[in-house]
1. Are any residues in the range 5-64 surrounded by 14 or more Cβ atoms within 10 Å (Cβ to Cβ), farther than 22 Å from Lys108 by Cα and of a type in the set (Gly, Ala, Ser), and if so, which ones?
2. Given the structure, is Gly89 without any contact (Cβ under 8 Å) to a residue 12 or more places away in the chain, of a type outside the set (Lys, Arg) and open to solvent by less than 40 Å² (accessible area, probe 1.4 Å)?
3. Of everything in the range 83-121 that's in contact with a helix residue (DSSP H, G or I) (Cβ under 8 Å, 6 or more places away or on another chain), part of a loop (DSSP other than H, G, I, E, B) and not small (Gly, Ala, Ser), which residue is farthest from Gly37 (Cα to Cα)?
Amino acid sequence: MEKYKKTVGNLGEDAAVKYLKKNKYIILERNFNVHGGEIDIIAKKGDYVIFVEVKTRSNDDFGGGLEAVNITKQQRLIKAAQVYMLKLGEVPVRFDVVVVNGSMRGKKLSVENIEHIENAF
């Protein structure tokens, strides 16, 4: 089950990257890991560096994607972003959530819709 969730998550991140690029975001990094946290996508648009949390859902049995980014998850993202910002210096930042809704068709994710919440927290 864990492998399935990881596969779905990776496919959702791929869909989110494609969506962001289509909307003129420059992808700086994916899966930025630090002790205690990971940022799925780090992007740039205009003057902003955007830290993006991606949630992929094939159903709402465990709640929607946005609800999964609770205060604990937000704090981890902020801490990881602070580490990343040490190498960039002072620039405007934003935290977005991209929710990818779809269903698995064999080994592929059939994306039904993508919801992009800018300034999610």
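The values are calculated or read from the model by the stated rules, or taken from the named source; none is laboratory data. Quantities reported herein were computed from a predicted structural model and do not represent experimental measurements. Cβ: placed from backbone, ideal geometry, glycine included. Neighbour counts: every protein chain shown. Please note that ligands, DNA and RNA were not included when accessible areas were found on the heavy atoms of the full protein model with its side chains. Shrake-Rupley method; radii C 1.70, N 1.55, O 1.52, S 1.80 Å.
1. Gly37, Ala43
2. Values: without any contact (Cβ under 8 Å) to a residue 12 or more places away in the chain: yes; of a type outside the set (Lys, Arg): yes; open to solvent by less than 40 Å² (accessible area, probe 1.4 Å): yes.
Yes.
3. Per the criteria, the residue is Lys107.
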